[in-house]
Amino acid sequence: MSRLDSFINRMSAQRDMLNHIRDHCELPPESTILEIGLGNGRTFNHIRENFPHRRIVAFDRQLGAHKSSIPDDGNLVLGEIDRAGKPFMTGEAAFVHADIGTGYPEKDAVTLTWLPSMVAAMLLPGGYALSGLPLDNAQLQPLPVLPHIEPDRYFFYRKIL
């Protein structure tokens, strides 16, 4: 598969799963959504459009998003995410989306030493997580992705109560 086709498949899976969460997962009212990896802001923009009355906090190493996809003041956290995300490990987020995989197994292996526990600590009990990397954590129950999404393309979880 070409890298372009792989990218399109990943983005389609991401969009379809985000829409699935919007349409089928009841998120507690007035709870925060966390976007780990703002990047160019496309996914943040989609989340903001689909959850318009929620606070959405985005994290990234540095700001590289399009000006139309930058979070409001106070909702952008810049810096190394493994450190910058620690103040948000409060168990209060209804939904965490993490798309910070690089496609380089050795780099992603380092990320996976801290990302699963960080996401679990950020979520409130019953909260949902969607990730481009597998989140192996005893507090995160794997959920099935939509049937048309290739296995291991995207990962869906719910925090166990």
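Only one residue of I21, L78, I36 has its Cα farthest out toward the positive end of the dipole of the chain, where Lys and Arg carry +1 and Asp and Glu -1 on Cβ, and that residue is L78.
Our coupling estimate for the stretch 18-31, obtained by passing each phi through the Karplus curve with A = 6.51, B = -1.76, C = 1.60 and θ = phi - 60°, is 4, 5, 4, 4, 4, 8, 10, 10, 7, 8, x, x, 6, 9 Hz, Gly and Pro reported as x. The Cα-based radius of gyration of the stretch 104-158, divided by its Kirkwood radius, gives an Rg/Rh of 0.97.
You can think of it this way: the chain between L78 and E30 has 14.9 nm of extra reach, that is 0.36 nm per residue less the Cα-Cα gap.
So between W114 and Q62, what do we pick up on full extension, going 0.36 nm a residue minus the alpha carbon distance?
16.8 nm
Seen from all directions on average, the stretch 1-80 presents a Cα convex hull projection of 6.2 nm².
When the inverse distances between all different Cα atoms of the stretch 61-137 are averaged and flipped, the Kirkwood radius reads 13.5 angstrom. A probe of 1.4 angstrom, applied to the heavy atoms of all protein chains, finds V145 with accessible area near 40 square angstrom. Distance between the C-alpha centres of the stretch 135-155 and the stretch 73-116: 17 Å, rounded to the whole angstrom. In a fully extended conformation the segment linking K86 and M11 would gain 24.3 nm over its present Cα-Cα distance, using 0.36 nm per residue. The P(r) of the stretch 8-161 has a tail past 24 Å containing 25 percent of all C-alpha pairs.
The values are calculated or read from the model by the stated rules, or taken from the named source; none is laboratory data. What you see is a predicted model; the values in this text were computed from it and never measured. No Cβ is skipped: glycine too gets one built from the backbone with ideal geometry, and neighbour counts run over all protein chains shown. The protein model used for the area step is the full one, side chains on, heavy atoms only, and it has no ligands, DNA or RNA in it. Shrake-Rupley method; radii C 1.70, N 1.55, O 1.52, S 1.80 Å.
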